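Inspection log for the structure reproduced underneath, given as structure tokens.
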Amino acid sequence: MPIFTKYLTAEGFNKSVNTLSDYMAGVLACLQGRVGGEPLYRTRVPMLNTRMSEWLGQRKLGPRKTEKMVALGGEGDQFIQFADQLVEETINAVLPAPPRAPQNISFTQIPTGKLVYGSTRVQGLVTADANIKTKIASVYSMGKTYTGHGPTISLGMGALHCHVGNGDGIGFKWVADVLHILAWGQKSDSAGAGTSGYKWTT
């Protein structure tokens, strides 16, 4: 599923309750959250608005303030597809080529300042487990293109997770070139929605 559609679902957007204006704002919010800190992002914002306005103008649509997206029918669906494409193109254009992370790096070789923890509690839990430290080193080595086993909404925007073993896992995200370990979790049948099936300690 494309990036923007995932974002919309995670943020609770729905064609039956949201307007075209909401979706246009969602495009910018999604990109701001993903790549807003990149130097080229600001130069792309006017282009985003222009491209969306041109697309709507060609179809004699406008960012209607009250009309729900569902009323636009197929044209609303086409706009969502266009937004997905626009978001992915922009992210690819804005992100610099990722530096190649060292291969087979050990936990102790991760440079100072390139690994931070969501809390001292999380730091204590993960650094006490050799398997988790090995997994963190592996995630760092693979770099920002590694998405693990997918997003975990309950840990915040941009949060991902990966399995470690014995039913446990870690929640993480990249902020620029710094790896943030957000949480440690245990698989649980009673875990709530958006948790990826884990009970997380943050």
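Summary of values
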read-out: Enumeration of residues in the stretch 150-169 that are in a loop (DSSP other than H, G, I, E, B) and either among the aromatic types (Phe, Trp, Tyr) or without any contact (Cβ under 8 Å) to a residue 60 or more places away in the chain (or both); value: GLY150, THR152, GLY156, ALA159, ASN166, GLY167
read-out: Residue that is farthest from LYS135 (Cα to Cα), among those in the stretch 77-105 that are in a helix (DSSP H, G or I) and either modelled with pLDDT under 80 or open to solvent by 70 Å² or more (accessible area, probe 1.4 Å) (or both); value: GLN78
read-out: Residue tally, condition closer than 15 Å to THR195 by Cα, open to solvent by 30 Å² or more (accessible area, probe 1.4 Å) and hydroxyl-bearing (Ser, Thr, Tyr), over the stretch 131-169; value: 1
read-out: Enumeration of residues in the stretch 129-149 that are part of a helix (DSSP H, G or I) and hydroxyl-bearing (Ser, Thr, Tyr); value: THR134, SER138, TYR140, SER141
read-out: ALA128 vs. criteria open to solvent by 70 Å² or more (accessible area, probe 1.4 Å) and among the small types (Gly, Ala, Ser); value: yes
read-out: Breaking point among (1) open to solvent by 60 Å² or more (accessible area, probe 1.4 Å); (2) in a helix (DSSP H, G or I); (3) closer than 23 Å to ASP77 by Cβ, for ARG42; value: (3)
read-out: Criterion violated by GLN32 - all others in (1) under 22 Å from the mean Cα position of the chain (by Cα); (2) farther than 20 Å from LEU155 by Cα; (3) at pLDDT 80 or above; (4) surrounded by fewer than 18 Cβ atoms within 10 Å (Cβ to Cβ) satisfied; value: (2)
read-out: Residues (without any contact (Cβ under 8 Å) to a residue 40 or more places away in the chain and open to solvent by 70 Å² or more (accessible area, probe 1.4 Å)) located in the stretch 54-74; value: GLU54, GLN58, ARG59, LYS60
read-out: Filter result (of a type in the set (Ser, Thr, Tyr), in a strand (DSSP E or B) and surrounded by fewer than 18 Cβ atoms within 10 Å (Cβ to Cβ)) within the stretch 170-202; value: THR201
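The values are calculated or read from the model by the stated rules, or taken from the named source; none is laboratory data. Fair warning: this is a prediction, and the values are worked out from it, not measured in the lab. Here Cβ is always computed from backbone atoms with ideal geometry, including for glycine, and neighbour counts include all displayed protein chains. We work out accessible area using only protein heavy atoms, side chains counted, and drop any ligands, DNA or RNA first. Shrake-Rupley method; radii C 1.70, N 1.55, O 1.52, S 1.80 Å.
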